[in-house]
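Novice: Following this message is one structure expressed as structure tokens.
A short reminder: the numbers here are calculations on the coordinates, not readings from a lab. Given the structure is predicted, the values throughout are model-derived calculations rather than measurements. Cβ atoms come from the backbone with ideal geometry, glycine included; neighbour counts cover every protein chain shown.
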Amino acid sequence: MKLLKALGYFLTVVVSALFILSLSISLPITFREFYYGRIDHYGIIEASGESRETVITAYDELLDSLTSNAPFKTGVFSCSEDAKAHFMDCKFLFLLDYAVLGATSLFMVGYAIYKFKRRAVKKKVISPLFFGSLIAIFPIAFFGIYLAIDQWEAYKFFHQILFYGKSNWLFDITRDGILAILPQQFFIDCGVFIGISVIVLSLVFIIFSITSLILAKKRK
């Protein structure tokens, strides 16, 4: 019985960390307004020589092809076979993230229902959500420090990890016109957005865990 409880506790720690990370990663992918609101800031209209509507259409078509069964399109912008292969690698990661988010969300809902039903049970052990949050924050803190030290090296290191052994993520502007609407700073900003989301979600879980433990001790 103790072993099962320990395994359940450990599983909840891991799943809660994956939930926080996968949810945070999905946000800049799902909410396209994050990109729309930065088009003028990045000077994309001037860099691409196209209208705002054309840029948004290209971005939407690209995201549709990376998050669904829609055919691969990049609007009026060119895209080499190497770049397309990289985008397909991204599509696998995007869909994997959505799958992890779906599975962990179901688990977290089940965990919340279980805890609600046992709310009257006195518990002196801190919630596994506390440790899951700490695990989720660790890689964000690492990349955040790296990013603060050297943005390009952090950007390169990140891609070398996710796309090990490949170099097709290094686009060629002469062949990949799509690069004009996808500046490097946008991806860095996505990373910052993800990092902030992880920190906020983790803090919510940490505060909840500590508060629950304090209340449980007071009911003793």
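Novice: Working carefully through the options Ser127, Ser197, Ser202, find the one that is in contact with a Phe, Trp or Tyr (Cβ under 8 Å, 6 or more places away or on another chain) and within 20 Å of Ser16 (Cβ to Cβ).
Specialist: Values: Ser197 fails: in contact with a Phe, Trp or Tyr (Cβ under 8 Å, 6 or more places away or on another chain); Ser202 fails: in contact with a Phe, Trp or Tyr (Cβ under 8 Å, 6 or more places away or on another chain).
Criteria check complete, one pass: Ser127.
Novice: Return the residues of the range 152-179 that are under 17 Å from Leu62 (Cβ atoms) and either hydroxyl-bearing (Ser, Thr, Tyr) or surrounded by 15 or more Cβ atoms within 10 Å (Cβ to Cβ) (or both); say none if nothing qualifies.
Specialist: Asn168, Trp169, Phe171, Asp176, Gly177, Ile178, Leu179, listed by residue number.
Novice: Given the conditions (1) touching a residue at least 24 places away in the same chain (Cβ under 8 Å); (2) out of contact with any Phe, Trp or Tyr (no Cβ under 6 Å at 6 or more places or on another chain); (3) aliphatic (A, V, I, L, M); (4) within 21 Å of Val198 (Cβ to Cβ), which single one is not true for Ala99?
Specialist: Of everything listed in (1) touching a residue at least 24 places away in the same chain (Cβ under 8 Å); (2) out of contact with any Phe, Trp or Tyr (no Cβ under 6 Å at 6 or more places or on another chain); (3) aliphatic (A, V, I, L, M); (4) within 21 Å of Val198 (Cβ to Cβ), Ala99 misses just condition (1).
Novice: State the number of residues belonging to the range 163-191 that are basic (Lys, Arg) and more than 22 Å from Val76 (Cα to Cα).
Specialist: 1
Novice: Which of (1) closer than 26 Å to Leu93 by Cα; (2) part of a helix (DSSP H, G or I); (3) more than 22 Å from the chain's Cα centre (by Cα); (4) of a type in the set (Lys, Arg) does Lys217 not meet, given it meets every other one?
Specialist: (1)
Yes/no per residue for (1) without any contact (Cβ under 8 Å) to a residue 24 or more places away in the chain; (2) surrounded by 14 or more Cβ atoms within 10 Å (Cβ to Cβ):
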position: Glu53; (1), (2): yes, no
position: Thr57; (1), (2): yes, yes
position: Glu61; (1), (2): yes, yes
position: Thr67; (1), (2): no, yes
position: Ala83; (1), (2): no, yes
position: Pro128; (1), (2): no, yes
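Novice: While we're here: Tell me, which residue of the range 1-58 that is assigned to a helix (DSSP H, G or I) and acidic (Asp, Glu) is farthest from the chain's Cα centre (by Cα)?
Specialist: Glu46
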